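S.K.: First the structure, then my questions, so here it is.
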Amino acid sequence: MSKTNVPPLTVIEPPQVLPTSGGPGDDPRPRRGRPAAVWDLDGTLTRADTLLPFLRRVAGTASVVRALAVAATRDLPRHRRRSAAKALVLQQLLGGRPLAEIDPIARDYATRVQDKLRADSTQLWTWHRHHGHRLVIASASPGIYVHHLGRLLGADTVICTEMAVVNGRLTGALKGRNCHGHEKARRVLEYLAEQPASQVWAYANGATDRPLLEIADIAVRVTTYRHVTVRDDR
């Protein structure tokens, strides 16, 4: 901790070096490239989930409740039930909508999310930027608003779940896989293979993001948000 001069936090656990699983730390040779800080979004940079509030803005609460109810009653593949349910909900609520209609809502929503970020995580985000580190958001949430948020925060790269667009309309289908769990870690590794980093930090709050934490040189498990004052001893 003293070597990197990271300011103490009150709700983020101390960084720890975890065993790597095919990550950048497997190569014993010195690595080159700007250090990278990879951040999960929901519950890590933000205080809570961002997807359902966005969908309520787009389609209304009643429609979201109906879509969730439909997904809950479907016979979905057990091994990827979460991703399949998410894809089904997105298809019901966004399928067929013009991107030009949804994009302004997404831009406004990203601004609102920015105003409600976790104070402790924002402080660390700023610390990494001050030290010239690359800032990466890696999220299972849809890029339709995560890309806007990334630009507002000055992220160098956004890795997230993407949605298919045909003839200017959202099809409701995912473009590629849900950026969740092992898929998120795989895509981050793919990015790091193209943009090497001398040191990789990863910040995440949930058990499903352990694959992401395991590929980092320094992994920081973020605890549940609560209203506190963040110390800054720089």
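S.K.: Mind listing the long-range amide H neighbours of Val222? Cut-off is under 5 Å, sequence gap 5 or more, other chains count too, H placed in the peptide plane at 1.01 Å from N.
M.R.: Hits under the 5 Å cutoff: Ala204, Asn205.
S.K.: Further, regarding this structure: Taking Cα centroids, how far is segment 80-158 from segment 188-219 in Å?
M.R.: After rounding, the separation between the Cα centres reads 18 Å.
S.K.: HN-Hα J couplings of segment 179-186 from phi, Karplus 6.51/-1.76/1.60, θ = phi - 60°, integer Hz, Gly and Pro as x?
M.R.: Using θ = phi - 60°, the values come out as 7, 9, x, 5, 5, 4, 4, 4 Hz.
S.K.: Cys160's amide H: which non-local residues (gap 5+, or another chain) put their own amide H closer than 5 Å, with H modeled 1.01 Å from N in plane and none for Pro or chain starts?
M.R.: Hits under the 5 Å cutoff: Ser139.
S.K.: Amide H of Leu170: which non-local residues (sequence gap of 5 or more, or other chain) have their own amide H closer than 5 Å, using H built in the peptide plane?
M.R.: Amide H to amide H, under 5 Å and 5 or more residues apart or across chains, Leu170 pairs with Gly96, Arg97, Leu99.
S.K.: Also: In whole Hz, with x marking every Gly and Pro, tabulate ³J(HN,Hα) for segment 53-62 from phi via Karplus 6.51 cos²θ - 1.76 cosθ + 1.60, θ = phi - 60°.
M.R.: Computed from phi, the couplings for segment 53-62 are x, 5, 5, 5, 5, 6, 10, x, 4, 4 Hz.
S.K.: Taking 25 °C and 0.890 mPa s as the conditions, I'd like the Stokes-Einstein D for segment 74-216 in µm²/s, using the Kirkwood hydrodynamic radius from alpha carbon pairs.
M.R.: 149
S.K.: Kindly write out, for segment 40-49 in residue order, the coupling ³J(HN,Hα) from the Karplus curve 6.51 cos²θ - 1.76 cosθ + 1.60 (θ = phi - 60°), rounded to whole Hz, with x marking Gly and Pro.
M.R.: Those phi angles translate into 5, 9, 5, x, 10, 7, 9, 7, 7, 4 Hz.
S.K.: Kindly provide the trypsin sites (Lys or Arg not before Pro) of segment 164-226 that DSSP labels as loop, not H, G, I, E or B, and whose Cβ sees at most 12 other Cβ atoms within 10 Å.
M.R.: Sites meeting the loop and neighbour criteria: Arg226.
S.K.: Now for a separate question. Can you tell me the relative contact order of segment 88-234? Whole percent, Cα pairs under 8 Å, sequence separation 6 or more.
M.R.: This gives 21 percent for segment 88-234.
We did not get these values from a lab; they are worked out from the coordinates using the rules stated. These numbers were taken from a predicted model, which means no experiment stands behind them. Neighbour counts run over all protein chains shown; Cβ positions are idealised from the backbone, glycine included.
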